[in-house]
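Have a look at the structure below before the remarks.
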Amino acid sequence: MTNHTERPGMFGPYGGSYIPETLAPSVAHLIAAYAAVKDDKSFWDELAALQASFIGRPTALTHAKRLTAQCGGAQIYLKREDLAHTGAHKINNALGQGLLAKRMGKKRIIAETGAGQHGVATASVCALLGMECVVYMGVDDIERQKPNVFRMRLMGAEVRGVTSGSRTLKDAINEAMRDWVSNPDSYYLLGSALGPHPYPTMVRDFQSIIGCEAHYQIIAAAGRLPDLIIACVGGGSNSIGMFHSFLEYPGIKMRGVEAGGRSITLGNHAARFEGGSKGVLQGSYTYILQNSDGQISSTHSISAGLDYAAIGPEHAMLHDQGRVSYVSIDDEQALDGFQALSKLEGIIPALESAHAIADAMRVAPTMAPDQIILVNLSGRGDKDIFSVADVLGVSL
Amino acid sequence: MRTIQQTFARLKSEQRGALMPYLMVGYPELHSLEEYALALQDAGADLFEIGVPFSDPLADGATIQRASEVALQNGVNVGFAIASVATLRKQGVHVPLVMMGYYNPFLQYGLARFAQDAAAAGVSGVIVPDLPPEEAGPFQQVLKLQGIDFIMFLAPTTPDARIKQIVSVASGFVYCVSLTGVTGARSELWDGLAGFIQRARSFTDLPLVVGFGISTPNHVRTVAQCADGAIVASALINIIDKTPAGERTTKLVEYMQSLRPNI
């Protein structure tokens with residue numbers, strides 16, 4: 001489906017490569033390097049070995065029986081990316097790109113991070129492969145994700161606070177790109193399926209292991225494919241990684257869950273399809289949150305990882321095609337999902353993933369008990385306990 | 001009103017290089033541009049780069065980022081920038097005015113509508129730092145129809161084959177980025193600059209104008225030895241920032257006059 005595009009890096013009209021000229025040669029070099037490893041079996045063998053020995057793949061598939069009983073409807077299965085090393089799906093991409101960077105002879109890695117999960121994954125991979133690591137993070141995100149900041153530093157990464165703009169993920173990406181413009185020999189390890197070509201394609205490829213595993217696991221566990229797949233969508237890497245293997249089955253419905261934040265007025269959420277429009281941000285033409293002058297709007301979500309003004313370009317195409325439905329879950333619903341999964345299943349989800357859980361809880365009762373919902377539990381919630389305790393009025 | 005081409009032709013006949021100050025629309029006050037431009041033209045500005053603020057200027061350093069935030073708070077948008085250019089023309093600013101801004105605000109304004117309105121206001125060229133030639137087609141086309149030059153960038157990292165490709169579709173002048181990095185005043189120019197400009201020169205007769213990091217008379221003199229013009233941006237903003245409101249025009253003029261003999 002995604003192969004019928006006009007030129008590489010385009011998803012229908014979306015995607016492209018809107019970057020300063022200084023970066024054009026670095027991006028061209030990256031495109032060539034990725035194309036070279038794509039057909040190189042030794043690269044994928046090396047990656048597969050580390051996926052098993054370092055990340056701990058395959059991650060489990062869990063039948064959430066008590067949550068299912070509570071909702072009263074479809075059977076809910078969880079793809080357990082929270083069990084991946086460093087606690088989220090981000091490591092899949094960080095490891096893939098880290099190996100690519102190593103093959104390209106890169107010694108210094110730049111990354112941005114929102115919730116801190118991509119930063120932690122990148123720091124871990126850099127420690128594994130012996131590369132220098134600089135992570136840009138908005139100071140507001142540093143405040144709400146302190147444990148992850150400390151993790152990155154423990155693993156030898158330098159975390160640089162970003163004070164410009166809204167001091168969140170978008171500004172961390174700006175700062176990472178400025179670093180890359182200044183140091184084009186460094187490798188920019190972008191953490192989601194967004195930005196200029198080849199990132200949306202490459203990140204999707206490295207994340208598609210999620211859907212590949214879930215595909216055979218759900219057949220083994222339930223004897224058939226799911227009726228509905230749900231994943232949260234910030235930039236869109238865990239969701240595209242989950243969706244991709246299933247896109248060819250038209251009978252499988254899919255829902256991408258965006259952050260509804262406090263309310264659906266501009267500046268209070270990160271629901272790009274519900275409240276956004278088409279435009280260019282940070283390398284891609286896609287749906288973005290902006291005002292009528294084309295200035296990028298600030299966003300809000302209780303989860304730092306969904307708090308971003310643009311969505312990956314492949315999602316923009318899937319949205320327009322009607323292949324995936326995009327819905328939103330607000331802060332309060334996400335907190336309900338967070339607590340429900342913790343209490344009923346003994347699994348504390350990341351606040352990002354709690355958006356997908358909350359949507360599953362909303363939809364499951366409308367479905368029959370012989371139907372199956374597959375939810376991508378993209379990360380674990382240890383990083384979020386301080387901010388959740390804060391909201392719940394508990395002092396730790 | 002002179003075109004970019006006429007301007008460089010005249011400068012060439014006078015054996016001078018172009019001095020091109022950058023002013024951001026709406027910085028530090030909404031109508032500041034209209035206070036400064038005519039005086040700077042009289043002080044020797046050969047062209048102006050008129051900055052249109054964007055919320056996420058990823059090719060810019062701290063100085064222009066901050067100026068952008070202020071200009072946006074002051075209420076600047078693309079429509080206002082076009083109206084400001086029209087005002088400058090009425091005031092008697094006749095040198096080429098080249099609008100510089102990131103792609104999304106132009107895209108939301110409407111590319112064809114922008115080209116029409118900008119041409120009517122007297123915009124001579126457009127510079128878009130996040131629009132490489134691969135993506136520039138639609139905008140370049142509508143600008144061309146209105147006689148507005150789309151200015152292309154070359155960077156020190158641009159390989160020869162790509163330089164060739166870029167200059168073959170460039171018009172007006174070519175913006176040569178003086179260093180591998182973001183905008184912002186720096187104490188030293190990159191020592192590879194002359195070699196880079198020479199390399200670019202071997203592929204084109206278009207005027208080569210150098211920008212990024214140029215702030216002192218010495219820098220301007222060095223640039224003049226190898227290129228056809230120099231852009232001064234963050235240094236002007238720094239002067240505005242450290243000067244009391246009533247004296248800014250005078251200080252900017254003095255600064256321009258200190259650069260002028262060197263190019």
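The values are calculated or read from the model by the stated rules, or taken from the named source; none is laboratory data. Remember, predicted model here, so these are calculated numbers, not experimental data. Cβ sites come from the backbone with ideal geometry, for glycine too, and all protein chains shown count toward neighbours. All accessible areas refer to the heavy atoms of the entire protein, side chains included, with ligands and DNA or RNA removed. Shrake-Rupley method; radii C 1.70, N 1.55, O 1.52, S 1.80 Å.
Here are a few things to note about the model shown:
- A:GLU314 vs. criteria among the acidic types (Asp, Glu), touching a strand residue (DSSP E or B) at 6+ places or on another chain (Cβ under 9 Å) and under 20 Å from A:ASP82 (Cβ atoms): no
- Residue match in segment B:217-237 (condition: under 23 Å from B:ASP46 (Cβ atoms), open to solvent by less than 20 Å² (accessible area, probe 1.4 Å) and of a type in the set (S, T, N, Q)): yes
- Residues of segment A:370-384 satisfying the condition of being surrounded by 12 or more Cβ atoms within 10 Å (Cβ to Cβ) and over 20 Å from the mean Cα position of the chain (by Cα): A:GLN371, A:ILE372
- Just one of the numbered conditions (1) outside any loop (DSSP other than H, G, I, E, B); (2) surrounded by 17 or more Cβ atoms within 10 Å (Cβ to Cβ); (3) of a type in the set (D, E, K, R) is not true of B:ARG186: (1).
- Number of the condition not met by A:ILE91 [criteria: (1) more than 14 Å from chain B (Cβ to nearest Cβ); (2) closer than 30 Å to A:ARG167 by Cα; (3) in contact (Cβ under 8 Å) with a residue 40 or more places away in the chain; (4) open to solvent by less than 10 Å² (accessible area, probe 1.4 Å)]: (3)
- Test: residue in segment B:164-174 that is without any contact (Cβ under 8 Å) to a residue 60 or more places away in the chain, within 26 Å of A:LEU289 (Cβ to Cβ) and either in a loop (DSSP other than H, G, I, E, B) or within 11 Å of chain A (Cβ to nearest Cβ) (or both): no
- Residue count for segment A:345-369, restricted to those that are crowded, with 17+ Cβ neighbours inside 10 Å, in a helix (DSSP H, G or I) and over 19 Å from the mean Cα position of the chain (by Cα): 5
- Residue among B:VAL78, B:VAL25 that is within 12 Å of chain A (Cβ to nearest Cβ) and either crowded, with 24+ Cβ neighbours inside 10 Å or in contact with a helix residue (DSSP H, G or I) (Cβ under 9 Å, 6 or more places away or on another chain) (or both): B:VAL78
- Filter pass, A:SER284 being under 30 Å from A:ALA74 (Cα atoms), under 20 Å from the mean Cα position of the chain (by Cα), at pLDDT 95 or above and of a type in the set (Ser, Thr, Tyr): no
- Helices (runs of 4 or more DSSP H) within segment B:193-242 that include 1 or more residues within 17 Å of B:TYR175 (Cβ to Cβ) and over 17 Å from the mean Cα position of the chain (by Cα): B:193-201, B:217-226
Residue by residue, here is whether (1) buried (at least 22 other Cβ atoms within 10 Å of the Cβ); (2) of a type in the set (Asp, Glu); (3) more than 20 Å from the chain's Cα centre (by Cα) holds:
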| residue | (1), (2), (3) |
| --- | --- |
| A:GLN75 | yes, no, yes |
| A:LEU83 | no, no, no |
| A:GLY87 | yes, no, no |
| A:GLY96 | yes, no, no |
| A:ARG103 | no, no, yes |
| A:GLY119 | yes, no, no |
| A:MET152 | yes, no, no |
| A:THR163 | no, no, yes |
| A:ARG178 | yes, no, yes |
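- The set of residues in segment A:158-192 being of a type in the set (A, V, I, L, M, F, W, C) and either assigned to a loop (DSSP other than H, G, I, E, B) or within 13 Å of another protein chain (Cβ to nearest Cβ) (or both) consists of A:VAL162, A:LEU169, A:ALA172, A:ILE173, A:ALA176, A:MET177, A:TRP180, A:VAL181, A:LEU189, A:LEU190.
- Test: residue in segment B:121-129 that is within 21 Å of B:VAL95 (Cβ to Cβ), in contact with a Leu (Cβ under 6 Å, 6 or more places away or on another chain) and within 14 Å of chain A (Cβ to nearest Cβ): no
- Filtered residue count, segment A:193-215, keeping only those that are in a helix (DSSP H, G or I) and over 18 Å from A:TYR77 (Cα atoms): 9
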